[in-house]
Amino acid sequence: MIPGFFTGIWHAAIDLFYPPRCVLCEKTLTGEEKHICGECYHSLPLIKGPRCPKCSRPIRTRNGEDQLCGICRIQPNRKIKITVAASEYQGLMKRLIHLYKYERQQFLADLFARIIAEQTAKTGIAENIDLLVPIPLHWTRKRWRGFNQAREICRGISPLINIPVIPESAFRRVRKTTPQVQLNVASRTSNIHNAFSVRKAKYIKDKNIALVDDVYTTGATSEECARMLLHAGAKSVSLLIIAR
Ligand SMILES: [Zn+2]
Ligand SMILES: [Zn+2]
């Protein structure tokens, strides 16, 4: 007998007694649903209308087309070229990200990767990206969480859009910083200054890079990463995130 046969039976038996349930509403999932049910998926606050191309803020425009938001217009020197946020950071998406980051539901990286890949396909940005770069975590933080949430999402996105992920050793967080959520907007830029270091510039030189992260608030962290990557010779730096 092939071992795969037993594994298959074993999984079928587990599903029979412990059917997979939606992580948000606990409803039993059907064959096609994974991690969350269709109803919860449709209730996610995904960004569908016009948005600011630079920071992905949802905006209202008369013609329904994307255009720079007021904030990006007065800050023309920001390093990030394009931001694609899949969702707004509220409601069920906020709950889902909390489960992922703080309640050890690491398998949700799969779901986030699919959602981000769908959004990048819609915006057509993937054709202009050569390399995925997760925002690095300091090793003490990674040990505390057990994984780097951004790297796990990159691992899921990579085969879906056929873009490689940078090796962990090439771009690192070298300084332990206070988590940005604990600081006011003014202190965030100085807190994160020089926290990252490019260790292997050959991966970065002349590449169009997409940074990947979970949540975007002021953008200070991604701006600092972009500054380092451009300094190391990157051609452009964009940002893919689950929510903002
Ligand atoms: Zn559900
Ligand atoms: Zn903007």
Could you grab the relative contact order for the chain? Cα pairs under 8 Å, six or more apart, rounded to a whole percent.
-> 19
Would you list which lysines come within 17 Å of Lys202, measuring only between C-alpha atoms, while excluding same-chain residues fewer than 8 positions from it?
-> Lys235
Dipole of the chain [Lys/Arg +1, Asp/Glu -1 at C-beta], most positive-end residue of Leu92, Ser187, Val212 | Ser187
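Can you put Arg73, Arg143 in order of accessible area, largest first, using a 1.4 Å probe? Please list the in-between numbers first.
Numbers: Arg73 140, Arg143 175 Å².
Ranked list, largest accessible area first: Arg143, Arg73.
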Taking N as the number of residues in the stretch 1-43, what value does Rg over Cα atoms divided by 2.2 N^0.38 Å take?
-> 1.42
Positive-end residue of Ser56, Gln67, Ser197, charge dipole of the chain with Cβ unit charges | Ser197
Given 47-60, 190-203, 83-96, 25-38, the highest-first ranking by average Cβ count within 10 Å works out to 83-96, 47-60, 190-203, 25-38
Which of the aspartates and glutamates could be linked to Lys207 by a straight reach, that is with a Cα gap under 13 Å, when you skip same-chain ones fewer than 8 residues away?
-> Glu127, Asp130
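Add +1 for every Lys or Arg and -1 for every Asp or Glu among the other residues with Cβ under 12 Å from the Cβ of Leu230, and state the total. Spell out each step's value before the answer.
Values: positive: Arg78, Lys79, Lys81, Lys205, Lys207, Arg227, Lys235; negative: Asp206, Glu223, Glu224.
Every neighbour counted, the sum reads +4.
Here is the link list: Lys101/Lys200; Lys79/Lys122; Lys34/Lys54. Which ones come out longer than 25 Å on Cα distance? Please list the in-between numbers first.
On the way: Lys101/Lys200 28 Å; Lys79/Lys122 23 Å; Lys34/Lys54 32 Å.
Among Lys101/Lys200; Lys79/Lys122; Lys34/Lys54, the Cα-Cα distance tops 25 Å for Lys101/Lys200; Lys34/Lys54.
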Which cross-chain or sequence-distant (5 or more) residues have an amide H under 5 Å from the amide H of Leu211, H modelled 1.01 Å from N in plane?
-> Val133, Ser238, Leu239, Leu240
Sequence-distant aspartates and glutamates (8 or more away, or on other chains) whose Cα lies within less than 13 Å of Lys142 = Glu152, Glu168
Dipole magnitude (debye, nearest 20) for the chain, charges at Cβ of Lys, Arg, Asp, Glu = 1180
Which order do the peptides 174-180, 237-243 take when ranked by the mean count of other beta-carbon atoms within 10 Å per residue, highest first?
-> 237-243, 174-180
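The values are calculated or read from the model by the stated rules, or taken from the named source; none is laboratory data. No experiment lies behind these values; they were computed from the predicted model shown. Positions of Cβ are backbone-derived with ideal geometry, glycine not excepted, and every protein chain shown enters the neighbour counts. Note: areas computed on protein heavy atoms with side chains; ligands, DNA, RNA excluded. Shrake-Rupley method; radii C 1.70, N 1.55, O 1.52, S 1.80 Å.
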